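Inspection log for the structure reproduced underneath, given as structure tokens.
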Amino acid sequence: MLHGSGPGTTGSGAWATTAQELGTSCHLVAPDLAGFGRTPVPAGSAGGLRLWTEQAAGLMDALGIDCYAVVGHSMGGAVALALAAARPQQVTRVVAVSTTGAPGAPLSAELDAVWAAPAGPLGARDMLSRLVHDQALVTDSAVDARAAAMRAGATAYASLFPPPRARWADELALSAQTLAAIRAPVLLVHGAEDRVTPLETAAQPLLEHLADVRLHVFGRCGHVPPIEHPHEFRQLLSCFLRRDRCR
């Protein structure tokens, strides 16, 4: 389970509500990718899709897990798709939620602002308000928790996504050739009101490139379906992954 790219994001934070249910029937691995949480970016590297893909693949190799499904949110969705293309014999299913990675997808103003959000309560509140459709979810406790996570991960995150940020959106884009190499079934999950990775530029173009794909759209939902529609999202995920078989 691969998290997205906002400051303060961690694997455990991104997937806590989902893991509470799936963890009873699945073996879940939710790492902090390089530059997030307390995982440093290797010396001489600026992060990026290749590094994160290699990190995810290397982690599963180190754990001795030969076949696995991959669930990724936002940036993590692009990593999940890249991993499926690189490891076709190991990745059995892909769930890409509010994903980046579509060829030619522009950097949205909302994603630009999320990447640039300063650590602290004001930055946390602004970022959370951009991520969700229902502003009632931007509670004081949610802001405080995100602000604390932003401060804790500030050192590792500092080297990621400096301006001009359009180049980082381009760096996350997958080529048509890479997408065509994916043979695992793919489930795209998106919010109809997602302003960070808009449905029409992020998910819909991927339908043209993936061999085995389906798209589920949540209405009245922004960038974080696992948070905005937790029960329905878990049911959708469980149903899709239940069909998983090692090849």
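The values are calculated or read from the model by the stated rules, or taken from the named source; none is laboratory data. On a predicted model such as this, the values are computed, not experimentally measured, just so you know. Glycine gets a Cβ as well: all are built from the backbone with ideal geometry, and neighbour counts include every protein chain shown. Side chains are part of the model used for accessible areas, which takes the heavy atoms of the whole protein and leaves out ligands, DNA and RNA. Shrake-Rupley method; radii C 1.70, N 1.55, O 1.52, S 1.80 Å.
What is the one condition in (1) in a helix (DSSP H, G or I); (2) out of contact with any Cys (no Cβ under 8 Å at 6 or more places or on another chain) that LEU241 does not satisfy?
So LEU241 meets the others, but not (2).
Need a quick list: helices (runs of 4 or more DSSP H) entirely within the stretch 44-143 having at least 1 residues that are farther than 19 Å from ARG183 by Cα and not hydrophobic (A, V, I, L, M, F, W, C).
On the way: elements: 49-63, 75-86, 109-116, 121-131.
By residue number, 49-63, 109-116, 121-131.
Given the conditions (1) open to solvent by 50 Å² or more (accessible area, probe 1.4 Å); (2) modelled with pLDDT of 90 or more; (3) hydrophobic (A, V, I, L, M, F, W, C), and given that ALA43 satisfies all but one, which numbered condition is not satisfied?
(2)
Go through the residues of the stretch 9-32 one by one and say whether even a single one is under 19 Å from ARG167 (Cα atoms) and in contact (Cβ under 8 Å) with a residue 24 or more places away in the chain. Can you show your working first?
Taking the stretch 9-32 and keeping what is under 19 Å from ARG167 (Cα atoms), we get none.
No, the stretch 9-32 contains no residue that is under 19 Å from ARG167 (Cα atoms) and in contact (Cβ under 8 Å) with a residue 24 or more places away in the chain.
How many of the residues making up the stretch 183-197 are open to solvent by less than 30 Å² (accessible area, probe 1.4 Å) and either touching a strand residue (DSSP E or B) at 6+ places or on another chain (Cβ under 7 Å) or not β-branched (Val, Ile, Thr) (or both)? Talk me through it step by step, then tell me what you get.
Taking the stretch 183-197 first, the residues open to solvent by less than 30 Å² (accessible area, probe 1.4 Å) are 184-191, 194, 196-197.
Subset that is either touching a strand residue (DSSP E or B) at 6+ places or on another chain (Cβ under 7 Å) or not β-branched (Val, Ile, Thr) (or both): 184-191, 194.
Result for the stretch 183-197: 9.
For the stretch 31-70: of the residues being touching a strand residue (DSSP E or B) at 6+ places or on another chain (Cβ under 8 Å) and among the small types (Gly, Ala, Ser), which is farthest from ALA86 (Cα to Cα)? Steps first, please.
Going residue by residue through the stretch 31-70, those that are touching a strand residue (DSSP E or B) at 6+ places or on another chain (Cβ under 8 Å) are 31, 33, 52, 56, 60, 67-70.
So of that shortlist, the ones also among the small types (Gly, Ala, Ser) come out as 56, 69.
Numbers: ALA56: 11, ALA69: 14 Å.
Selected residue: ALA69.
Return only the number of the condition from (1) in contact (Cβ under 8 Å) with a residue 40 or more places away in the chain; (2) under 23 Å from VAL189 (Cβ atoms); (3) open to solvent by 40 Å² or more (accessible area, probe 1.4 Å); (4) not hydroxyl-bearing (Ser, Thr, Tyr) that ARG38 does not satisfy.
(2)
Starting from the stretch 159-185, keep only residues that are without any contact (Cβ under 8 Å) to a residue 40 or more places away in the chain and among the β-branched types (Val, Ile, Thr), then list their pairs with residues that are open to solvent by less than 50 Å² (accessible area, probe 1.4 Å) and assigned to a loop (DSSP other than H, G, I, E, B) whose Cβ atoms are within a distance under 8 Å, requiring at least 6 positions of separation or different chains.
If the second residue must be open to solvent by less than 50 Å² (accessible area, probe 1.4 Å) and assigned to a loop (DSSP other than H, G, I, E, B), no pairs are left.
Hey, can you tell me all the residues within the stretch 154-174 that are of a type outside the set (Phe, Trp, Tyr), part of a loop (DSSP other than H, G, I, E, B) and within 17 Å of the chain's Cα centre (by Cα)? Spell out the reasoning first.
As a first pass, look at the stretch 154-174 and keep what is of a type outside the set (Phe, Trp, Tyr): 154-156, 158-160, 162-167, 169-174.
If we keep only those that are part of a loop (DSSP other than H, G, I, E, B) as well, we get 158-160, 162-165, 173-174.
Hits for the stretch 154-174 are LEU160, ALA173, LEU174.
Residues of the stretch 215-231 being surrounded by fewer than 18 Cβ atoms within 10 Å (Cβ to Cβ) and within 16 Å of HIS73 (Cα to Cα), which ones?
Restricting attention to the stretch 215-231, the residues satisfying the condition of being surrounded by fewer than 18 Cβ atoms within 10 Å (Cβ to Cβ) are 215-217, 219-220, 230-231.
Once the filter is applied, which keeps residues that are surrounded by fewer than 18 Cβ atoms within 10 Å (Cβ to Cβ) and within 16 Å of HIS73 (Cα to Cα), the stretch 215-231 yields LEU215, HIS216, VAL217, PRO230.
Name the residue that is modelled with the highest pLDDT, counting only residues in the stretch 146-164 that are in contact with a helix residue (DSSP H, G or I) (Cβ under 9 Å, 6 or more places away or on another chain) and surrounded by fewer than 16 Cβ atoms within 10 Å (Cβ to Cβ). If you could, list the steps in order and put the result at the bottom.
Here is the first cut: in the stretch 146-164, the residues in contact with a helix residue (DSSP H, G or I) (Cβ under 9 Å, 6 or more places away or on another chain) are 146-150, 157, 160-163.
So of that shortlist, the ones also surrounded by fewer than 16 Cβ atoms within 10 Å (Cβ to Cβ) come out as 148, 162-163.
On the way: ALA148: 97, PRO162: 93, PRO163: 93.
Result: ALA148.
Filter the stretch 110-131 down to the residues that are open to solvent by 20 Å² or more (accessible area, probe 1.4 Å) and free of Cβ contacts under 8 Å to residues at least 40 places away in the same chain, then identify the one that is nearest to THR53 (Cα to Cα).
Only one residue tops the list, namely ALA113.
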